[in-house]
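The values are calculated or read from the model by the stated rules, or taken from the named source; none is laboratory data. This structure is a prediction, so every number in the text was calculated from the model and none was measured. FYI the Cβ positions are ideal-geometry reconstructions off the backbone, even for glycines, and counts take in every protein chain you see. Accessible surface is based on the protein model in full, side chains and every heavy atom, while ligands, DNA and RNA are left aside. Shrake-Rupley method; radii C 1.70, N 1.55, O 1.52, S 1.80 Å.
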Amino acid sequence: MHTTRTRTLLGAAAALALAAGGVLLGAAAANAAGVGGPAFWVDGAQYRTVGTTTDFSGTGAPVGSFQPIYAFPAGTQANVATAAPGDADYRGGRWVVTEVLLPNGYAAALASGDLDGDGVLDSDEELWAAADAGDLAIGGVLRSFECPVIPLPGNA
């Protein structure tokens, strides 16, 4: 739905990733070993992953090889990714993690973006609805890496 905007942000994100060269994603599951619990949302379904130490930040990897994950501030909600296995635009588990900023607070972003009324922003469509309302902004790239995507039982 927002392919032009996603491509533009992805291009900017890749440039920032190259400039950031190795900035790590604080307390993210990507740095922990083993299978984690619910890690992120894709189109209303939750997924988990296996933490890896793979880091593509600053490697010059092609921009189009990464899938965006939008990282929400700690304590608000799980992150949102734009595709998962089986989606036509899924890029095989190569991620560019981009910071989500909530200028008016999480409640405002939820009020303007929760299109299905389930109490969470659980798709990129909902993320962009909150952004279009001015209640969510996309910050800089935190990290580029690779990890698998595992659907939660009964949720994908």
*asked:* Counting heavy atoms of the protein chains only and a 1.4 Å probe, report the per residue accessible area for region 115-156 as a whole number of Å².
replied: 40 Å²
_Surface per residue (accessible, 1.4 Å probe) for region 30-90, Å²_ = 42 Å²
*asked:* Show me, for region 84-95, the HN-Hα J-couplings you get by feeding each phi into the Karplus relation (A = 6.51, B = -1.76, C = 1.60, θ = phi - 60°), rounded to Hz, glycine and proline as x.
replied: 9, x, x, 7, 4, 9, 5, 10, x, x, 9, 10
_J(HN,Hα) series, region 60-68, from Karplus relation 6.51 cos²θ - 1.76 cosθ + 1.60, nearest Hz, glycine and proline x_ = x, 4, x, 3, x, 8, 9, 9, x
*So how much slack lies between Thr53 and Leu152, counting 0.36 nm per residue of separation and subtracting their Cα-Cα distance, in nm?*
33.4 nm
*Place a label point 7 angstrom from the Cα of Asn104 along the Cα-to-Cβ direction, then list the residues of region 129-148 whose backbone nitrogen is under 16 Å away.*
129-138
*Along the three principal axes, how long is region 27-156 when you take its alpha carbons, biggest first, rounded to the nearest angstrom?*
36, 35, 29
*For region 116-126, just list the computed ³J(HN,Hα) in residue order, Karplus coefficients 6.51, -1.76 and 1.60, θ = phi - 60°, integers in Hz, with x standing in for Gly and Pro.*
9, x, 9, x, 8, 7, 10, 7, 5, 4, 5
